[in-house]
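Visitor: Encoded as structure tokens, here's the structure I'll be asking about.
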Amino acid sequence: MPSQVFFRRIRDRVLCRECGFCEEVVVCPSPGDCIGCGACCRGCPHGAVRMVEDKSPRGSVSIRVDGVKVEVPERTTVKRALETLGISFGKYPGDCQIFAPCETGGCYSCSVLIDGELTRSCVTRVEDGMDVWTEVPEKATPLRIIHGPEPHPVGGKATPWWLKSRGRYIEVAIWAAGCNLSCPQCQNYSVTYDGRSTPMTPREAAELVSAARRFYGVDRMAISGGEPTLNRRWLIEYFRELRRLNPESHARLHLDSNGTILTPEYIDSLVLEAGVTDIGIEPKGVCLETFMKITAVGNRDLAERYLETSWNAVKYVVDNHGESVFLGVGLPYNRMFMTLEEVARFGERLASIDPEVQLCVLDYFPAFRRREMERPSPREMLEVKEILEGRGLRTVVVQTSVGHLGP
């Protein structure tokens, strides 16, 4: 019998800064009567919200699931109600019936059809009389919360280093809400935890980016996040639309990802079917303990799978798409979560795959829940660069407070 444990939020008034993030960015499906979705807990910048078991009496509601009338607990999410029926949700695609990676409502990966409408199961309250279908038909247009587009003078991990010093806009980018990681030092948390903004279809996003490309006179069009790979159908359709609207051979389609679910088959689809030309992957370390510290993924087996998937993705792109795809690798660095010894080991592992791959080292600064963290100085970042080059890497770019320093 599936678990019947439910949760509710508790706010720590001492830690709470009344910043308004939980009211303006994080979605709350039931402000007056908590249904335990946990979005506010995951998205609170100050860690002022935690989830505790809710043992209060709970009745039931009647809904239809895939055409069958069932009774499910009231005062909970559609996701949790479906779990009580034995429907599995998970954090790695293919291991479950419904992929639910972010649980804050931004990625729409866990969407089901409710009364004929595509609806996020993780942040939607179950209501009596709902008609729920767990299989979303192909004709249903995918959705995703997107920020931007905006012009960018530097680009991302897979922006070639020689473009980063031009001193003008070189790329237009959008950012996808929702992430499967919970990095305490998230550098873009206002996007990552956004569950309130109106979602876009792939075509809507592609049209906006294409218009921005023309307006700013650039050839590069990027998507980052959050984690853009979570909603696979949305991303593939987005890149297809982008290529349709930008058929020129010099138009570059750029994906920046943490790589944690970028399997070989997914990469092939992005490159061969959707036309992606530039891929940035950020493995976030070589040691499992470091990966878990950076990402706050508490499940050791899942963390190990994420880490190895990202490294395998780097090697797969090099070995199978090296002639057609520009690959950039990212390394987050701050002495709070990574030693110089691990930096060296990272360099050795990447050099063993291909010493020519571009590596961008990001100097992580105070953000989100690690506001006590000090930003590495330019001198420290140059030391990191020297260590990596000493391990055989020939194309190392380091981000610093005074700009990007290249090869």
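The values are calculated or read from the model by the stated rules, or taken from the named source; none is laboratory data. Source: prediction; values computed, not measured. Cβ placement follows ideal geometry from the backbone for every residue including glycine, while neighbour counts extend to all protein chains displayed.
Visitor: Identify the residue in segment 30-80 that is within 24 Å of the chain's Cα centre (by Cα) and small (Gly, Ala, Ser) and, among all such residues, is surrounded by the fewest Cβ atoms within 10 Å (Cβ to Cβ). Lay out the reasoning, then the answer.
Guide: Residues of segment 30-80 that are within 24 Å of the chain's Cα centre (by Cα), as a first pass: 36-51, 77-80.
Okay, now just the ones that are also small (Gly, Ala, Ser), so 36, 38-39, 43, 47-48.
Working: Gly36: 20, Gly38: 21, Ala39: 25, Gly43: 28, Gly47: 13, Ala48: 20.
Residue satisfying both the conditions and the ranking: Gly47.
Visitor: Looking at (1) over 24 Å from Phe89 (Cβ atoms); (2) over 23 Å from the mean Cα position of the chain (by Cα), find the lone condition where Pro149 falls short.
Guide: All conditions are met except number (2).
Visitor: Just give me the residues in segment 71-94 being of a type in the set (Val, Ile, Thr) and over 17 Å from Val61 (Cα atoms), in sequence order.
Guide: Ile87 - this is the single residue of segment 71-94 that is of a type in the set (Val, Ile, Thr) and over 17 Å from Val61 (Cα atoms).
Visitor: Assuming Gly129 fulfils every condition listed in (1) on the phi > 0 side of the Ramachandran plot; (2) in contact with a Gly (Cβ under 6 Å, 6 or more places away or on another chain) apart from one, which condition is it?
Guide: (2)
Visitor: Restricting segment 241-272 to residues that are among the charged types (D, E, K, R) and more than 17 Å from the chain's Cα centre (by Cα), which is surrounded by the fewest Cβ atoms within 10 Å (Cβ to Cβ)?
Guide: Initial filter on segment 241-272 (among the charged types (D, E, K, R)): 241, 243-244, 248, 252, 256, 265, 268.
Cutting the leftovers down to more than 17 Å from the chain's Cα centre (by Cα) gives us 241, 243-244, 248, 252, 265, 268.
Working: Glu241: 20, Arg243: 19, Arg244: 12, Glu248: 8, Arg252: 23, Glu265: 10, Asp268: 14.
In this case the residue turns out to be Glu248.
Visitor: Exactly one of these conditions fails for Lys284: (1) buried (at least 20 other Cβ atoms within 10 Å of the Cβ); (2) among the charged types (D, E, K, R); (3) on the phi < 0 side of the Ramachandran plot. Give me its number.
Guide: Lys284 satisfies all of (1) buried (at least 20 other Cβ atoms within 10 Å of the Cβ); (2) among the charged types (D, E, K, R); (3) on the phi < 0 side of the Ramachandran plot except (3).
Visitor: For Gly275, indicate whether it is assigned by TED's automatic domain parsing to the domain that holds Arg394, surrounded by fewer than 22 Cβ atoms within 10 Å (Cβ to Cβ) and either aromatic (Phe, Trp, Tyr) or in a loop (DSSP other than H, G, I, E, B) (or both).
Guide: yes
Visitor: State which residue is farthest from Asp219 (Cα to Cα) when the search covers only segment 278-290 and only residues that are over 18 Å from the mean Cα position of the chain (by Cα) and outside any helix (DSSP H, G or I).
Guide: Looking at residues that are over 18 Å from the mean Cα position of the chain (by Cα) and outside any helix (DSSP H, G or I), I get Cys287.
Residues checked against (1) among the aromatic types (Phe, Trp, Tyr); (2) farther than 21 Å from Ile170 by Cα:
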{"residue": "Gly225", "(1), (2)": "no, no"}
{"residue": "Asn231", "(1), (2)": "no, yes"}
{"residue": "Phe239", "(1), (2)": "yes, no"}
{"residue": "Asn246", "(1), (2)": "no, no"}
{"residue": "Thr260", "(1), (2)": "no, yes"}
{"residue": "Tyr266", "(1), (2)": "yes, yes"}
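Visitor: Those residues that are part of a loop (DSSP other than H, G, I, E, B) and farther than 30 Å from Cys19 by Cβ, I need them from segment 184-243; list them, please. Talk me through it step by step, then tell me what you get.
Guide: If we filter segment 184-243 for residues that are part of a loop (DSSP other than H, G, I, E, B), which is where we start, we get 184-188, 193-199, 201, 217-219, 226-231.
The answer is Thr201, Gly217, Val218, Asp219.
Visitor: Scan segment 112-143 for residues that are closer than 29 Å to Ser190 by Cα, touching a residue at least 60 places away in the same chain (Cβ under 8 Å) and touching a Leu at 6+ places or on another chain (Cβ under 8 Å) and jot them down.
Guide: Once the filter is applied, which keeps residues that are closer than 29 Å to Ser190 by Cα, touching a residue at least 60 places away in the same chain (Cβ under 8 Å) and touching a Leu at 6+ places or on another chain (Cβ under 8 Å), segment 112-143 yields Thr141, Pro142, Leu143.
Visitor: Got a number for residues in segment 32-49 being more than 20 Å from Val61 (Cα to Cα) and in contact with a helix residue (DSSP H, G or I) (Cβ under 9 Å, 6 or more places away or on another chain)?
Guide: Applying the first criterion (more than 20 Å from Val61 (Cα to Cα)) to segment 32-49 yields 38-49.
Pick out the ones that are also in contact with a helix residue (DSSP H, G or I) (Cβ under 9 Å, 6 or more places away or on another chain) and you get 39-40, 43-49.
Within segment 32-49, residues that are more than 20 Å from Val61 (Cα to Cα) and in contact with a helix residue (DSSP H, G or I) (Cβ under 9 Å, 6 or more places away or on another chain) number 9.
Visitor: While we're on this one: I need the full set of residues from segment 104-137 which are more than 22 Å from Leu235 (Cβ to Cβ) and in contact with a Cys (Cβ under 9 Å, 6 or more places away or on another chain), in order please.
Guide: Across segment 104-137, the qualifying residues are Thr124, Arg125.
Visitor: From the list Gly167, Gly178, which residue is free of Cβ contacts under 8 Å to residues at least 24 places away in the same chain and either crowded, with 23+ Cβ neighbours inside 10 Å or of a type outside the set (D, E, K, R) (or both)? Before the answer, list the steps.
Guide: Values: Gly178 fails: free of Cβ contacts under 8 Å to residues at least 24 places away in the same chain.
Answer to the check: Gly167.
Visitor: I've got another one for you. Give me a count of the residues in segment 141-156 that are modelled with pLDDT under 95 and either crowded, with 24+ Cβ neighbours inside 10 Å or part of a loop (DSSP other than H, G, I, E, B) (or both).
Guide: Of all residues in segment 141-156, those modelled with pLDDT under 95 come to 152-156.
When the remaining residues are screened for being either crowded, with 24+ Cβ neighbours inside 10 Å or part of a loop (DSSP other than H, G, I, E, B) (or both), the result is 153-156.
So the count comes out to 4.
Visitor: When the residues of segment 81-111 are narrowed to those that are of a type in the set (Gly, Ala, Ser) and touching a residue at least 40 places away in the same chain (Cβ under 8 Å), which ends up surrounded by the most Cβ atoms within 10 Å (Cβ to Cβ)?
Guide: We begin by selecting, within segment 81-111, every residue of a type in the set (Gly, Ala, Ser); these are 81, 86, 88, 90, 94, 100, 105-106, 109, 111.
Now narrow it down to the ones that are touching a residue at least 40 places away in the same chain (Cβ under 8 Å): 81, 86, 105-106, 109.
Numbers: Ala81: 28, Gly86: 9, Gly105: 29, Gly106: 37, Ser109: 26.
Across segment 81-111, the extreme among qualifying residues is Gly106.
Visitor: Give segment 135-166 a look and list any residue that's assigned by TED's automatic domain parsing to the domain that holds Val209 and polar (S, T, N, Q), or say none.
Guide: Hits for segment 135-166 are Thr159, Ser165.
Conditions (1) in contact with a Lys or Arg (Cβ under 9 Å, 6 or more places away or on another chain); (2) acidic (Asp, Glu); (3) within 22 Å of Ile261 (Cα to Cα), marked per residue:
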position: Lys315; (1), (2), (3): no, no, yes
position: Gly322; (1), (2), (3): no, no, yes
position: Met338; (1), (2), (3): yes, no, no
position: Leu350; (1), (2), (3): yes, no, yes
position: Ala367; (1), (2), (3): no, no, no
position: Arg370; (1), (2), (3): no, no, no
position: Leu388; (1), (2), (3): no, no, no
position: Gly403; (1), (2), (3): yes, no, no
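Visitor: The conditions are (1) of a type in the set (A, V, I, L, M, F, W, C); (2) crowded, with 16+ Cβ neighbours inside 10 Å; (3) at pLDDT below 95, and Trp162 fails exactly one of them. Which is it?
Guide: Among (1) of a type in the set (A, V, I, L, M, F, W, C); (2) crowded, with 16+ Cβ neighbours inside 10 Å; (3) at pLDDT below 95, Trp162 violates only (2).
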